[in-house]
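Below is one structure; the comments refer to it alone.
The values are calculated or read from the model by the stated rules, or taken from the named source; none is laboratory data. This structure is a prediction, so every number in the text was calculated from the model and none was measured. Cβ placement follows ideal geometry from the backbone for every residue including glycine, while neighbour counts extend to all protein chains displayed. To get the accessible areas, we keep the full protein, side chains included, count just its heavy atoms, and leave off ligands, DNA and RNA. Shrake-Rupley method; radii C 1.70, N 1.55, O 1.52, S 1.80 Å.
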Amino acid sequence: MSYSDDKLKEILTRTKVVAVVGVSMNPVRPSYYVARYLSLKGFTVIPVNPGHAGKRLFGQEVRASLADCPDTVDMVDIFRRPEYVPPIVEEALEVFPKLRTIWMQIGVVNQEAAELAEARGVDVVMDRCPKIEYQRLFGELRMGGFNTGIISSKL
């Protein structure tokens, strides 16, 4: 699983609407702060968690399932254990005509689900975090003193 910086940057640049599956209402949980970060960066974030359906998070109603989300979702970010990923990907492929990316968070790898999505022409990123990649590729980690390997004139 190796992804070029150019490919990751292309995905993050073209993405507009992200359904975050497994989002938590707890602000110390990674799924919460990743979704919050993406919403602050201008992405429309649709939170998906059946245990919190109907509540509001980041200006959006929490949805019980992907089928309850608007069909404009173009990326699904998955915060679920690997064994739960295939049905999520199947549902996403069924309900989102504009789906371009399945993103599985750090520690989430499911080759079966990846092959299913890729067979339909959908990009797949596994075992990565869009928040970390965004910060790395768009120069934000550098402000914290990290050497990102990206040369930029931005401070």
message = Give the residue list of trypsin sites (Lys or Arg not before Pro) in the stretch 1-64 that are DSSP loop and have at most 12 other beta-carbon atoms within 10 angstrom.
response = Lys55
query = Under a point spin-label approximation (7 Å from Cα along Cα-to-Cβ), what is the Thr13-Ile132 distance to one decimal in nm?
reply = 2.3 nm
note = Listed by chain and number, the lysines with an alpha carbon less than 20 angstrom from that of Lys16, same-chain partners under 8 positions apart left out, are Lys7, Lys41, Lys98, Lys131
ask   = What list of ³J(HN,Hα) couplings, whole Hz, do you get for the stretch 47-57 from phi and the Karplus terms 6.51, -1.76, 1.60, once you set θ to phi - 60° and write x for glycine and proline?
value = x, 10, 6, x, x, 10, 3, x, 6, 10, 8
ask   = Pairing the Cα long axis of helix 85-95 with the longest principal axis of the chain, what angle in degrees results, from 0 to 90 and rounded to the nearest 10?
value = 80 degrees
ask   = Roughly speaking, to the nearest percent, how much of the stretch 1-99's 1.4 Å accessible area is carbon and sulfur?
value = 49 percent
note = In Å, the Kirkwood hydrodynamic radius from C-alpha pairs for the chain sits at 15.7 Å
message = Please compute the per residue accessible area over the stretch 1-66 with all protein chains in place, 1.4 Å probe, rounded to a whole number of Å².
response = 49 Å²
message = Can you compute 3J(HN,Hα) from phi for each residue in the stretch 115-131, using the Karplus curve 6.51 cos²θ - 1.76 cosθ + 1.60 with θ = phi - 60°, rounded to whole Hz and x for Gly and Pro?
response = 5, 4, 5, 4, 5, 9, x, 9, 5, 10, 10, 10, 6, 9, 10, x, 5
request  = Between the alpha-carbon centers of the stretch 64-137 and the stretch 1-61, tell me the distance in whole angstrom.
outcome  = 11 Å
Over the chain, relative contact order from alpha-carbon pairs under 8 Å, at least 6 apart, % = 19 percent
ask   = Rounded to the nearest 500, what is the chain's calculated 222 nm mean residue ellipticity when only DSSP H runs of at least 4 contribute -39500 (n - 2.57) each, over all residues?
value = -9000 deg cm²/dmol
note = Under the Karplus relation with 6.51, -1.76 and 1.60 and θ = phi - 60°, whole-Hz ³J(HN,Hα) for the stretch 77-84, x at Gly and Pro, equal 9, 10, 10, 9, 4, x, 5, 8
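Dipole magnitude of the chain about its Cα centre, charges +1 at Lys/Arg Cβ and -1 at Asp/Glu Cβ only, in debye to the nearest 20? Could you put the intermediate results ahead of the total?
Values: 20 positive and 19 negative charges, 162 e Å.
With Lys and Arg at +1 and Asp and Glu at -1, about 780 debye.
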query = Going by alpha carbons, how many degrees (0 to 90, nearest 10) lie between the helix axis of 30-40 and the longest principal axis of the chain?
reply = 70 degrees
query = Pick from Ala67, Ala119, Ala92: which is most flexible by mean-square fluctuation in a GNM of the chain where alpha carbon atoms under 10 Å apart are linked?
reply = Ala119
ask   = For labels at Val28 and Tyr84 in the simple 7 Å Cα→Cβ model, what's the distance in nm?
value = 2.1 nm
message = Which residue, Ile132, Thr15, Ala92, has the largest displacement toward the positive end of the dipole of the chain when charges sit on each Cβ (Lys, Arg +1; Asp, Glu -1)?
response = Ile132
